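The values are calculated or read from the model by the stated rules, or taken from the named source; none is laboratory data. The structure presented is a predicted model; accordingly, all values stated were derived computationally and were not measured. Cβ: placed from backbone, ideal geometry, glycine included. Neighbour counts: every protein chain shown.
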Amino acid sequence: MDDRPIGMFDSGFGGLTVARALIDLLPDEDLVYVGDTGRYPYGPRPLEEVREFARQIAATLVTDYAVKMVVVACNTAAAAALELLRFELDVPVVGVIDPGIRAAVQATRNGRVGVIGTVGTINSSAYDRAVRSLRAPVRLTSAACPGFVEFVERGETDSEQVHVLAERLLDPVRRAGVDTLLLGCTHYPFLARTIADVMGRQVVLVSSADETAFEVRSILSETGLGRRSAGKGSHRFVSSGDVDVFRALGRRMLGPELDQVEARSWPEP
């Protein structure tokens, strides 16, 4: 058994969907969450730059916060750096891409699956590779959704502007006749109502947050890294941007567990 915390990071607030799922599923575990809001969004950045950001934050979680596991709660960072982090770190590293695509493949009825994500995630073809690795008989249609993350980060999740943007950006997956849509960015569940309105109620929306939490629980059980101490776990939140903004917006998204926020910055890689 291991009482060290679980570490996780995202470019900003999106990974709080994964944090919420982890807190609900593993209430005894301690958690350290890093939101790199000083450098968000990751989606438009070159993958090489995102890879270095991910290496910085993951190494800091291991060395300074002594975490026993790193959860890359950001699709763009997972697409850019997951395999490298698994090679470089001495703790288990979990991403959000594989759990999400497995859930989408299980959910589809007609074999047509859509995935939406940032420009970086979609251009990386990470989801295409994940589907091929499963050898699943599905046809994947991908669409980048630039602008979605920025709306979420500003707390504008149900405005007319975001609905108009969704109508345009989701058109390729609608025309492909998908019956399952994977939200391939951890920010997108905050837009689930708008996305569902545009796609239609017959399309199943899949978020990787719950599936990632189940994978974390499985790894902790298999490796014996679950927390020994009983009782409610502690939760630390770290931001590289404005901590007051992070606390106010993050608290609305996550809940009362997000109370205090620590400031942290990283030098440019």
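A few points about this structure:
- When the residues of the range 56-109 are filtered to those that are in the same structural domain as Tyr188 (by TED's automatic domain parsing) and surrounded by fewer than 17 Cβ atoms within 10 Å (Cβ to Cβ), the one that is farthest from Asp3 (Cα to Cα) is Arg109.
- Pairing each residue of the range 245-263 that is exposed (fewer than 14 other Cβ atoms within 10 Å of the Cβ) with any residue that is assigned to a helix (DSSP H, G or I) and among the aliphatic types (A, V, I, L, M), provided the two are 6+ apart or on different chains, yields C-beta distances under 6 Å for Ala263/Val243.
- Across the range 94-114, a minimum of one residue is classified as under 14 Å from Asp10 (Cβ atoms) and part of a helix (DSSP H, G or I).
- Arg174 being at positive phi and of a type outside the set (Ser, Thr, Tyr): no
- Search result, residues across the range 159-179 that are farther than 14 Å from Cys145 by Cα and either outside the structural domain of Leu140 (by TED's automatic domain parsing) or in contact with a strand residue (DSSP E or B) (Cβ under 8 Å, 6 or more places away or on another chain) (or both): Ala176, Gly177, Val178, Asp179
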